[in-house]
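One structure below.
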Amino acid sequence: GIDSDGDGVRDDVQRLIIFSAPDSASHREALTEQAVAIQQALLSQTDQQATNAGVAEIHSIECLDYLGKRGQGMWRQVLAQMLNTTDRIKAHDAAAARTNGQVFTLLPDTIQRTACTFNVETLPN
């Protein structure tokens with residue numbers, strides 16, 4: 001897909017994020033974080049790349065949880081948009097298969113804030 005600004009997120013997904021969370025910069029940033037992680041998974045070619053992408057996907061959901069936005073479910077819409085073709089679904093499945101059997105540990109609630117790759121205090125709302 002087209003990523004005209006080179007930020008790692010397809011333009012159609014970026015539009016979805018902007019329109020889905022117009023009043024919350026932190027929510028948009030966390031959803032963008034998720035989209036980038038999914039894109040990494042789609043492009044992964046090795047077990048290590050797939051593992052790194054899997055960790056990034058989990059952290060993006062933990063970030064949404066920390067922000068209190070996970071329950072709104074927008075992350076599911078981002079996932080659906082990211083996997084909107086058969087080839088993308090197959091690529092994501094292949095990445096998941098490369099991590100099969102691995103255990104991913106969630107962050108404790110006390111440090112869940114660190115799952116966000118951006119400074120949550122510097123963004124409004």
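The values are calculated or read from the model by the stated rules, or taken from the named source; none is laboratory data. Note that this is a predicted model, so its numbers are computed, not measured. Cβ placement follows ideal geometry from the backbone for every residue including glycine, while neighbour counts extend to all protein chains displayed. Please note that ligands, DNA and RNA were not included when accessible areas were found on the heavy atoms of the full protein model with its side chains. Shrake-Rupley method; radii C 1.70, N 1.55, O 1.52, S 1.80 Å.
Filter segment 5-18 down to residues that are modelled with pLDDT under 95 and out of contact with any helix residue (DSSP H, G or I) (no Cβ under 7 Å at 6 or more places or on another chain) and give me whichever is farthest from A53 (Cα to Cα).
Per the stated criteria, the residue is D5.
Out of curiosity, is A94 at negative phi, outside any loop (DSSP other than H, G, I, E, B) and more than 16 Å from the chain's Cα centre (by Cα)?
So A94 passes the test.
Could you list all residues from segment 59-73 that are open to solvent by less than 50 Å² (accessible area, probe 1.4 Å) and either part of a loop (DSSP other than H, G, I, E, B) or not small (G, A, S) (or both)?
Answer for segment 59-73, where residues must be open to solvent by less than 50 Å² (accessible area, probe 1.4 Å) and either part of a loop (DSSP other than H, G, I, E, B) or not small (G, A, S) (or both): I61, E62, C63, L64, L67, K69, G73.
What single numbered condition from (1) closer than 30 Å to N125 by Cα; (2) modelled with pLDDT of 95 or more fails to hold for I2?
(2)
May I ask you to list the residues in segment 21-33 that are crowded, with 17+ Cβ neighbours inside 10 Å and either without any contact (Cβ under 8 Å) to a residue 12 or more places away in the chain or not hydrophobic (A, V, I, L, M, F, W, C) (or both)?
Once the filter is applied, which keeps residues that are crowded, with 17+ Cβ neighbours inside 10 Å and either without any contact (Cβ under 8 Å) to a residue 12 or more places away in the chain or not hydrophobic (A, V, I, L, M, F, W, C) (or both), segment 21-33 yields S24, S26, H27, R28, E29, T32, E33.
Here are V36, V13, V55: which of them is on the phi < 0 side of the Ramachandran plot and open to solvent by less than 20 Å² (accessible area, probe 1.4 Å)?
One residue alone meets the criteria, V13.
Kindly evaluate A95 against the criterion of being open to solvent by less than 20 Å² (accessible area, probe 1.4 Å), in contact with a Leu (Cβ under 9 Å, 6 or more places away or on another chain) and more than 30 Å from N125 (Cβ to Cβ).
yes
For residues that are in contact (Cβ under 8 Å) with a residue 40 or more places away in the chain and either part of a helix (DSSP H, G or I) or open to solvent by 50 Å² or more (accessible area, probe 1.4 Å) (or both), tally how many sit in segment 98-111.
4
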